[in-house]
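Input: a single structure, listed below in structure tokens.
The values are calculated or read from the model by the stated rules, or taken from the named source; none is laboratory data. Source: prediction; values computed, not measured. With ideal geometry, Cβ positions are generated from the backbone for all residues, glycine too; neighbour counts draw on all protein chains shown. Areas reflect the complete protein model, heavy atoms only, side chains present, ligands, DNA and RNA absent. Shrake-Rupley method; radii C 1.70, N 1.55, O 1.52, S 1.80 Å.
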Amino acid sequence: GRELRLSNLTKVFWPEEGYTKGDLIEYYRAISPWLLPYLKDRLLVLTRFPDGIEGKSFFQKDAPSFAPGWVRLERVWSESAQREIDYFVAADVESLLYIANLGTIPLHVWASRITDLAHPDWCILDLDPKTAPFVHVVRVARAVHDLAQEIGLPAYAKTSGSTGIHVLFPLGELCTFEQCKQ
């Protein structure tokens, strides 16, 4: 009962390299065996680039009303918006490809799972330099990693966008978001 309609597969999303929307979707399909366990039961915020990386982009939390019924959505109250938001959850490869077909390039993943939204799996230190050179961001991330090693705290770095790095500290759902922030 699932019908996944893909559109505009030849639309160029990366003009310099010549990669298309179809290439993006195929990339998500290829990495889905490794990505889906990471995404399991996590709310997603999309950054959509309908005209490729050189076009305008926008964040999308709320799933559109036209999303197919087989795509998993979770309704969560948003204090900042003062309303309920229907978030996407990539529960399977078809859902992941549907989300990619919307022109979603990066996926922003909640740090907690829907089974316990108040207790994140990890704490995220967001190093987003704005105007500092990327080499400085790398230097700070390495210093944070070294400090974490000194105190016996695991730390993992991952890129975030074109100029930032996230340093993740596993929490195992032991802390609340407020405790994590402190």
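Distant-in-sequence amide contacts of Ile105, defined by a placed amide H-H separation under 5 Å and a gap of 5 or more residues or a different chain, comprise Thr47, Phe49.
Glu178 label point, 7 Å along Cα→Cβ, cut-off 17 Å on backbone N: hits in the stretch 78-96? Hits in the stretch 78-96 for Glu178 at 17 Å: 79-80. Basic side chains Lys and Arg get +1 at the Cβ, acidic Asp and Glu get -1 at the Cβ, and with that the dipole of the stretch 46-182 about its Cα centre reaches some 320 debye.
Farthest toward the dipole's positive end in the chain, which of Ala90, Leu168, Ala100, given Cβ charges of +1 (Lys, Arg) and -1 (Asp, Glu) about the Cα centre? Comparing the listed Cα positions along the dipole, Ala100 ranks first.
Check each of the trypsin sites (Lys or Arg not before Pro) in the stretch 1-100 and keep only those in coil by DSSP with at most 14 other C-beta atoms within 10 angstrom; list them in order.
Working: sites: Arg2, Arg5, Lys11, Lys21, Arg29, Lys40, Arg42, Arg48, Lys56, Lys61, Arg72, Arg75, Arg83; in loops: Arg2, Arg5, Lys11, Lys40, Arg42, Lys56, Lys61, Arg72.
Passing both the DSSP loop test and the Cβ count: Arg2, Arg5, Lys11, Lys40, Lys56.
Residues whose amide H falls under 5 Å from that of Arg113, counting only those 5 or more places apart or on a different chain, are Asp121, with hydrogens built in the peptide plane. Among Glu84, Glu17, Glu26, the residue with the largest mean-square fluctuation in a Gaussian network model of the chain, with springs joining Cα atoms closer than 10 Å, is Glu17. Using only the C-alpha atoms, the convex hull of the stretch 103-179 corresponds to 104 Å³ per residue. Shape class for the stretch 1-57: prolate, because the ratio a/c of the largest to smallest gyration tensor axis (alpha-carbon atoms, square roots of eigenvalues) is 1.5 or more and a/b beats b/c. Lacking any other cysteine beta-carbon closer than 4.7 Å, the following Cys residues of the chain have no compatible partner: Cys175. Within the accessible surface of the stretch 80-182, defined with a 1.4 Å probe on protein heavy atoms only, the carbon and sulfur portion equals 58 percent.
Each residue of the stretch 123-139 is assigned a 3J(HN,Hα), and the resulting list reads 9, 10, 9, 9, 9, 10, x, 6, 10, 6, x, 4, 4, 5, 4, 4, 4 Hz, derived from the Karplus form 6.51 cos²θ - 1.76 cosθ + 1.60 (θ = phi - 60°), x at Gly and Pro.
Stretching the chain fully between Val140 and Phe59 yields a gain of 26.4 nm (0.36 nm per residue, less the alpha carbon separation). Other residues with beta-carbon under 15 Å from the beta-carbon of Ile25 carry, at +1 per Lys or Arg and -1 per Asp or Glu, a net charge of +1. Taking all protein chains into account, the per residue accessible area for the chain stands at 61 Å² (1.4 Å probe). Its relative contact order, with pairs defined as Cα atoms under 8 Å and 6+ residues apart, puts the stretch 1-133 at 27 percent.
Of the residues Ala100, Ala91, Ala132, the one that moves most in a GNM of the chain with alpha-carbon contacts below 10 Å is Ala132.
Annotation for Thr131 and His108: the two label points, set 7 Å from Cα along the Cα-Cβ direction, are 2.3 nm apart.
Accessible area per residue (1.4 Å probe, heavy atoms of protein chains only) ranks Thr159, Thr131 as Thr131, Thr159, with the largest value leading.
Qualifying trypsin sites (Lys or Arg not before Pro) in the stretch 104-161, where qualification requires a DSSP coil assignment and no more than 14 other C-beta atoms within 10 Å, comprise Lys130. Extension gain, Glu3 to Glu79, is 23.9 nm, computed as 0.36 nm per intervening residue step minus the present C-alpha separation.
Which residue, Tyr156, Ala81, Leu9, has the largest displacement toward the positive end of the dipole of the chain when charges sit on each Cβ (Lys, Arg +1; Asp, Glu -1)? It is Leu9.
Need one word for the chain: rounded, prolate or oblate. Basis is the Cα gyration tensor (sqrt eigenvalues a ≥ b ≥ c); a/c below 1.5 gives rounded, then a/b vs b/c decides. Verdict is oblate for the chain.
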